[in-house]
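The values are calculated or read from the model by the stated rules, or taken from the named source; none is laboratory data. Fair warning: this is a prediction, and the values are worked out from it, not measured in the lab. Please note: Cβ atoms are built from the backbone with ideal geometry, for glycine as well, and neighbour counts cover all protein chains shown. Heads up: the accessible areas ignore ligands, DNA and RNA and are worked out on the full protein's heavy atoms, side chains in. Shrake-Rupley method; radii C 1.70, N 1.55, O 1.52, S 1.80 Å.
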Amino acid sequence: MTGDEALRQLMEGHQRYLRSQPLHQHQEAGWRATLAFSQHPFALILGCGDSRVPPEIIFDQGLGDLFVIRTAGHVPDTAVFGSIEYGLEELKIPLVMVMGHERCGAVQAAVKAMDAGESSPGYLGDLIAAIMPAVAQVKDQPGDIIDNVVRANVRLVMRKLKAHVPSLAVGIKDDRVKIVGARHDLDTGDIELLG
Ligand SMILES: [Zn+2]
């Protein structure tokens, strides 16, 4: 499967979800047995841990379909880079999606920290610091600051993945892997694709 075909399959599942006509395929016992010794997911999704944005539900996919990595604000660290390497090099996944979403709490915290001029203690501070470049990039732009940062953070993470995961950069260059950004709208359920 190519990256474009994988994206089409993902968005077809999303249309089923939007129409409230999910197939809930690939969840039955027979399929579970088929997958017991191998997996061939067609898309890798790095998304936010927010309880309202589980990729398997939003894209109406089942067991073995998606390789999903989730952190707050979809902030990547070395474990995420390694997980993506595994997905590309071992599982030969043709599509990587970075999915942000409306009213992301991690983004809201980063904007608040920028306004207050102070960060949070602990690992949460590290997480917020990773989103700060996206805040700085769009803070003077017109429109909703949170939504602007959500989109900027998706693009920032896409750049980070390409810079840190050689197999992703090479795969894109060789046309074996496609990377796409997305913003999930909590009000409508829509997915907006971001280049
Ligand atoms: Zn979030």
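Scanning the stretch 5-46 for residues that are hydrophobic (A, V, I, L, M, F, W, C), open to solvent by 50 Å² or more (accessible area, probe 1.4 Å) and in contact (Cβ under 8 Å) with a residue 12 or more places away in the chain yields LEU18, LEU23, TRP31. Going through (1) in contact (Cβ under 8 Å) with a residue 12 or more places away in the chain; (2) within 16 Å of the ligand (Cβ to nearest atom) one by one, SER51 falls short only on (1). Among the residues of the stretch 113-131, the one identified as surrounded by fewer than 17 Cβ atoms within 10 Å (Cβ to Cβ) and within 23 Å of ALA182 (Cα to Cα) is ALA129. In the stretch 78-99, the residues that are acidic (Asp, Glu) form Cβ pairs under 9 Å with partners that are modelled with pLDDT of 95 or more and open to solvent by 10 Å² or more (accessible area, probe 1.4 Å), at six or more places apart or across chains, as follows: GLU85/PRO166; GLU85/SER167; GLU89/SER167.
Return yes when VAL96 is more than 14 Å from ASN153 (Cβ to Cβ), more than 10 Å from the ligand (Cβ to nearest atom) and either open to solvent by 30 Å² or more (accessible area, probe 1.4 Å) or among the polar types (S, T, N, Q) (or both) and no when it is not. The answer is no for VAL96.
What's the number of the only condition in (1) touching a Leu at 6+ places or on another chain (Cβ under 8 Å); (2) open to solvent by 70 Å² or more (accessible area, probe 1.4 Å) that HIS101 fails to meet? Unmet condition: (2).
Taking (1) surrounded by fewer than 14 Cβ atoms within 10 Å (Cβ to Cβ); (2) at pLDDT 95 or above in turn, VAL177 satisfies each apart from (1).
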